[in-house]
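Participant: Below are the structure tokens for one structure; questions will follow.
The values are calculated or read from the model by the stated rules, or taken from the named source; none is laboratory data. Small disclaimer: the values here were computed from a predicted structure and weren't measured. Cβ placement follows ideal geometry from the backbone for every residue including glycine, while neighbour counts extend to all protein chains displayed.
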Amino acid sequence: MHFSLTWGSVSGWWVPACLVLGVLYAWLLYRQPVNLGKYYRIGLSVIRAVVVFFIAMLLVSPLVKSIKYDAQKPLVLIAQDNSSSINTFKTPGFNPNDFVSQLAKLKEMLGDKYDVQEFNFGKDLANGLSTKFNGKQTDIANALRQLNNRFINQNIGALVLATDGLYNQGNDPQYEAKNIKTSIYTIALGDTVAKRDLLIGNVNYNKTAFLGNDFEIEVLAAAYQSKGENIHLTVTEDGKQVYAQTIPVTGNDFKKLVPIKLTADKKGLRKFSINITPVKNELSTQNNTEIIYVDVLDARQKVLVLYQSAHPDITVIKQAIETNKNYELKTALFSDIADIKLPDYSLIILYQANASALAPVKSFLAKSKTAVWYILGSQSDLQGFNAEQNVVKISAGRSETQEVYALPETGFAAFTLSDSSRKKISNLPPLLAPFGSYGTAAGTTVLLKQKIGAIATTYPLLAFGDEAGRRTAVLTGEGLWRWQLSEYQNYGNRNATDELLSQTVQYLTANTNRQRFRVYPARTVFDEGENVIINAELYNDALELINTPDVKIDLKNGEGKNYSFLFSRTGQSYQLDAGVLPAGEYAYNASTQNGKSQFKASGQLTVKALNLETRQSAANHQLLNAIAKQSGGQMLQSSQVNQLADLIRKNDNIKTVVYEDKHYSDIIDVKWLFVLIVLLLSGEWFLRKREGEV
């Protein structure tokens, strides 16, 4: 570390001035004849001159510049593909365990001059190398992105990427590799020669269908090195064959998209098994079967939007709700209410309108527990709004509006809004809300608060309440069309707006035919390797949401294995993260007790096995070569791993980087200077004392 003085706004001429002051002070003190020897007088004069010089410099207060040099060794990152395709479609003679052992020796071969860090990846990045090769999905771009984010602004010398180049999740890895400003050495695994294999390449289908309707799925049937064979494609439901077709294979690289029409004749979650009959000497039969699940619904839930005059927000609401095929939305003017059967609807949205302004709606809501969503704006009758609900109260002296921005509330737990949507919503344009003072009733939960200018308020923008068993929502501003337009301009989609509106509708309509105790999974079908999330709600006699009692649940798969859990409390309800469960179909039974009343709930969920890793057998070494070339690196075969250390050492771009860290501080902060002054003064006093001058 190096030290030096820097003056900043102080003139450097103060140094000789302080020195002159020290010498003058010492001369005045020791100029008269005293009972001291010549050399004593000179020594004491020097000590006093130095002390006065330092004290004067402290008063002038220049800056002390310290420079610290920090050498950072080049980072060598190793990212190893741990997906199951590496072990399934390996080249003859390739031993995955031996390969990982050779890769691990790179750290020892490079020595102390390099900082080698090892990772493995499938869908996500994990620390260390792995010999399990059990990843069900491969996302190379995500692994590169995570490495780049983790080591940003560090001295990355080289990245070693060992993979077969096959990915079934995420973006093209080439684009993400461009963001890593270093040499990438790719190690090509797998075999580029397609083997004899029949397989299901992909299945496109809607996850929901309606009872009694036909629905279509599309199956991509593929065959490699199997010219002259026939693909026998069948679809079965509950062991019963519902479709069959024979497809002649006309080439060694054969693919055909097969549309299949099926009938939804049973309500509930239906399991369909798509199968291709294996042929002789086939490479793998794991990719000959694909299982899909279709949720057959009895009928769509209906949502009604009532309004007094047209507004572009209504179109936005309609588009967002209709993204979910479980809902059917109807918009109507107040004047058309006579032609509407209100009991058919699970949710009524009153857009800048009040139920009290229309007798049929007011009468219907008084007799039912149908959910209501109020959306306010410049045309709203606030007095009527305050009179017919207690979730939000607005006190306004005049009929004016003001611009308010959305501020997502972190403690909201009634339903989940993704982090990306929360971030987007907080940056969207303002809505127009009635000007006034806002209040909320006890038990009201707020998802969005109002931010007026740069001031975050406690005023609600989107709030939810439960009034005697009726779920009620209030959006206190208009201008959703601005949100949709802005989001599309900035992000190329309207996902956040759609998610907010559709999640709100799902939460409100869950009130229909409410049971006192409800247990429902976040989805009816989870992918293998995905955490299974289950929610639960318990209501007391007054139909108020509570979570005081414990809730237990048992999950049993088709083999009879039982998994027992206890729910965690979140907000006013319950949630269970059961973690990763083996693939299969599960029946669940949950129970709880509130006072003397016992409650039970049951249902089913499925963990779907993923066959993504078996859908491609030929490795993509062209991709690996392109990534290596564009970065200035090189592609190697798995047998050339021992050459990596020499290649890295010979790369002139991979070197130790020395970082210079400058730090400025006032001279008065230099502690050792005070110690020196005290020692000098103590020494001077001691010498004078010894000579009898004190």
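Participant: So which residues in segment 540-571 are among the hydroxyl-bearing types (Ser, Thr, Tyr), under 29 Å from the mean Cα position of the chain (by Cα) and either more than 26 Å from Gly469 (Cβ to Cβ) or not in a strand (DSSP E or B) (or both), if there are any at all?
Facilitator: Listed by number, the residues that qualify are Tyr563, Ser564.
Participant: Follow-up question, since we're still on this one. Residues being basic (Lys, Arg) and either modelled with pLDDT under 85 or outside any strand (DSSP E or B) (or both): count how many of those fall in segment 292-318.
Facilitator: Residues that pass the stated criteria total 2.
Residue-by-condition table, conditions (1) surrounded by 14 or more Cβ atoms within 10 Å (Cβ to Cβ); (2) on the phi > 0 side of the Ramachandran plot; (3) touching a residue at least 24 places away in the same chain (Cβ under 8 Å):
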position: Ile260; (1), (2), (3): yes, no, yes
position: Arg270; (1), (2), (3): yes, no, yes
position: Thr285; (1), (2), (3): yes, no, no
position: Ile291; (1), (2), (3): yes, no, yes
position: Gln301; (1), (2), (3): yes, no, yes
position: Ile321; (1), (2), (3): yes, no, yes
position: Leu333; (1), (2), (3): no, no, yes
position: Pro343; (1), (2), (3): no, no, yes
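Participant: Given the structure, is Val116 outside any strand (DSSP E or B), assigned by TED's automatic domain parsing to the domain that holds Gln174 and within 18 Å of Thr186 (Cα to Cα)?
Facilitator: Considered against the rule, which asks whether it is outside any strand (DSSP E or B), assigned by TED's automatic domain parsing to the domain that holds Gln174 and within 18 Å of Thr186 (Cα to Cα), Val116 comes out as no.
Participant: State the number of residues belonging to segment 568-583 that are without any contact (Cβ under 8 Å) to a residue 40 or more places away in the chain and surrounded by 17 or more Cβ atoms within 10 Å (Cβ to Cβ).
Facilitator: 1
Participant: Tell me the residue from Gln622, Gln593 that is surrounded by fewer than 16 Cβ atoms within 10 Å (Cβ to Cβ), assigned to a helix (DSSP H, G or I), over 29 Å from the mean Cα position of the chain (by Cα) and in contact (Cβ under 8 Å) with a residue 12 or more places away in the chain, please.
Facilitator: Numbers: Gln593 fails: assigned to a helix (DSSP H, G or I).
Criteria check complete, one pass: Gln622.
Participant: Same structure again: Only residues that are assigned to a strand (DSSP E or B), farther than 23 Å from Thr323 by Cβ and at pLDDT below 90: list them for segment 269-288, please. Let's see the steps before the verdict.
Facilitator: Step one: of segment 269-288, the residues assigned to a strand (DSSP E or B) are 269-276.
Add one more test, that the residue is farther than 23 Å from Thr323 by Cβ, and what stays is 271-276.
Matches in segment 269-288: Lys271 only.
Participant: Then there is this: Taking segment 70-82, which residues are surrounded by 14 or more Cβ atoms within 10 Å (Cβ to Cβ) and out of contact with any Leu (no Cβ under 8 Å at 6 or more places or on another chain)?
Facilitator: Lys73, Pro74, Leu75, Asn82
Participant: Return the residues of segment 204-240 that are not polar (S, T, N, Q) and not in a strand (DSSP E or B); say none if nothing qualifies. Outline the logic, then answer.
Facilitator: Of segment 204-240, the ones not polar (S, T, N, Q) are 205, 207, 209-212, 214-224, 227-229, 231-233, 235, 237-240.
Once the filter is applied, which keeps residues that are not polar (S, T, N, Q) and not in a strand (DSSP E or B), segment 204-240 yields Tyr205, Lys207, Leu211, Gly212, Lys227, Gly228, Glu229, Asp238, Gly239.
Participant: If the Cβ limit is 9 Å and pairs must be 6+ apart or interchain, which residue in segment 71-85 that is closer than 26 Å to Gln616 by Cβ pairs with which residue that is in a strand (DSSP E or B) and among the hydroxyl-bearing types (Ser, Thr, Tyr)?
Facilitator: Note: pairs meeting the criteria are Ala79/Thr163; Gln80/Thr163; Asp81/Thr163; Ser83/Thr163.
Participant: Condition (residue is surrounded by fewer than 18 Cβ atoms within 10 Å (Cβ to Cβ) and either among the β-branched types (Val, Ile, Thr) or modelled with pLDDT of 90 or more (or both)) applied to segment 457-474: is it met by at least one residue? Lay out the reasoning, then the answer.
Facilitator: Initial filter on segment 457-474 (surrounded by fewer than 18 Cβ atoms within 10 Å (Cβ to Cβ)): 457-458, 467-469.
Adding the requirement that they be either among the β-branched types (Val, Ile, Thr) or modelled with pLDDT of 90 or more (or both) leaves 457-458.
Within segment 457-474, one or more residues are surrounded by fewer than 18 Cβ atoms within 10 Å (Cβ to Cβ) and either among the β-branched types (Val, Ile, Thr) or modelled with pLDDT of 90 or more (or both).
Participant: Next question, about the same structure. Name, by its number, the condition in (1) part of a loop (DSSP other than H, G, I, E, B); (2) crowded, with 17+ Cβ neighbours inside 10 Å; (3) modelled with pLDDT of 90 or more that does not hold for Ala194.
Facilitator: Ala194 satisfies all of (1) part of a loop (DSSP other than H, G, I, E, B); (2) crowded, with 17+ Cβ neighbours inside 10 Å; (3) modelled with pLDDT of 90 or more except (3).
Participant: Say we look at segment 114-137 and pick out the residues that are under 20 Å from Ile648 (Cβ atoms) and aromatic (Phe, Trp, Tyr); which of these is modelled with the highest pLDDT?
Facilitator: Step by step, filter segment 114-137, then rank; the result is Phe119.
Participant: On to the next question. Going by the conditions given, is Ala609 at pLDDT below 90 and either within 31 Å of the chain's Cα centre (by Cα) or hydroxyl-bearing (Ser, Thr, Tyr) (or both)? Explain how you work it out, then say what you get.
Facilitator: Details: at pLDDT below 90: yes; either within 31 Å of the chain's Cα centre (by Cα) or hydroxyl-bearing (Ser, Thr, Tyr) (or both): yes.
So Ala609 fits the description; yes.
Participant: While we're looking at this one, here's another question. Can you go through Phe334, Phe385 and tell me which one is more than 20 Å from Leu447 (Cβ to Cβ) and among the aromatic types (Phe, Trp, Tyr)?
Facilitator: Phe334
Participant: Going through Ile140, Ile47, Ile55 one at a time, which residue ends up being among the aliphatic types (A, V, I, L, M) and modelled with pLDDT of 85 or more?
Facilitator: Ile140
Participant: Working only within segment 486-496, note down all residues that are assigned to a helix (DSSP H, G or I) and not charged (D, E, K, R).
Facilitator: Ser486, Tyr488, Gln489, Asn490, Tyr491, Asn495, Ala496, listed by residue number.
Participant: Tell me, which strands (runs of 3 or more DSSP E) wholly within segment 409-485 include 2 or more residues that are over 28 Å from the mean Cα position of the chain (by Cα) and either of a type in the set (Val, Ile, Thr) or assigned by TED's automatic domain parsing to the domain that holds Val392 (or both)?
Facilitator: Working: elements: 431-434, 437-440, 445-452, 455-467, 470-475.
Fully inside segment 409-485 and qualifying: 431-434, 437-440, 455-467, 470-475.
Participant: I'm told Ile67 meets every condition in (1) modelled with pLDDT of 85 or more; (2) loosely packed, with under 15 Cβ neighbours inside 10 Å; (3) of a type in the set (A, V, I, L, M, F, W, C) except one. Can you identify the failing condition by its number?
Facilitator: So Ile67 meets the others, but not (1).
Participant: Scan segment 319-360 for residues that are β-branched (Val, Ile, Thr), in a strand (DSSP E or B) and over 32 Å from the mean Cα position of the chain (by Cα) and report the count. Break it down stepwise before answering.
Facilitator: Taking segment 319-360 as the starting set, the residues that turn out to be β-branched (Val, Ile, Thr) are 321, 323, 331, 337, 340, 348-349.
From what is left, the residues that are in a strand (DSSP E or B) are 331, 348-349.
Right, trim to over 32 Å from the mean Cα position of the chain (by Cα) and you get 331, 348.
Total satisfying the criteria: 2.
Participant: When the residues of segment 475-496 are narrowed to those that are in contact (Cβ under 8 Å) with a residue 60 or more places away in the chain and in contact with a Leu (Cβ under 7 Å, 6 or more places away or on another chain), which ends up nearest to Thr370 (Cα to Cα)?
Facilitator: Leu475
Participant: For segment 138-157, which residues satisfy the criterion of being in contact with a Ser or Thr (Cβ under 7 Å, 6 or more places away or on another chain) and either part of a loop (DSSP other than H, G, I, E, B) or among the hydrophobic types (A, V, I, L, M, F, W, C) (or both)?
Facilitator: Once the filter is applied, which keeps residues that are in contact with a Ser or Thr (Cβ under 7 Å, 6 or more places away or on another chain) and either part of a loop (DSSP other than H, G, I, E, B) or among the hydrophobic types (A, V, I, L, M, F, W, C) (or both), segment 138-157 yields Thr138, Ile140, Ile156.
Participant: Same structure again: Taking segment 514-539, which residues are outside any strand (DSSP E or B) and either at pLDDT 80 or above or among the hydroxyl-bearing types (Ser, Thr, Tyr) (or both)?
Facilitator: Initial filter on segment 514-539 (outside any strand (DSSP E or B)): 514-516, 522-524, 528-530.
Arg516, Ala522, Arg523, Thr524, Glu528, Gly529, Glu530 - these are the residues of segment 514-539 that are outside any strand (DSSP E or B) and either at pLDDT 80 or above or among the hydroxyl-bearing types (Ser, Thr, Tyr) (or both).
One line per residue, one yes/no per condition, for (1) buried (at least 20 other Cβ atoms within 10 Å of the Cβ); (2) at pLDDT 95 or above; (3) assigned by TED's automatic domain parsing to the domain that holds Ser84; (4) under 17 Å from Ala79 (Cβ atoms):
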{"position": "Gln154", "(1), (2), (3), (4)": "no, no, yes, yes"}
{"position": "Gln169", "(1), (2), (3), (4)": "no, no, yes, yes"}
{"position": "Ile184", "(1), (2), (3), (4)": "yes, yes, yes, yes"}
{"position": "Val203", "(1), (2), (3), (4)": "no, no, no, no"}
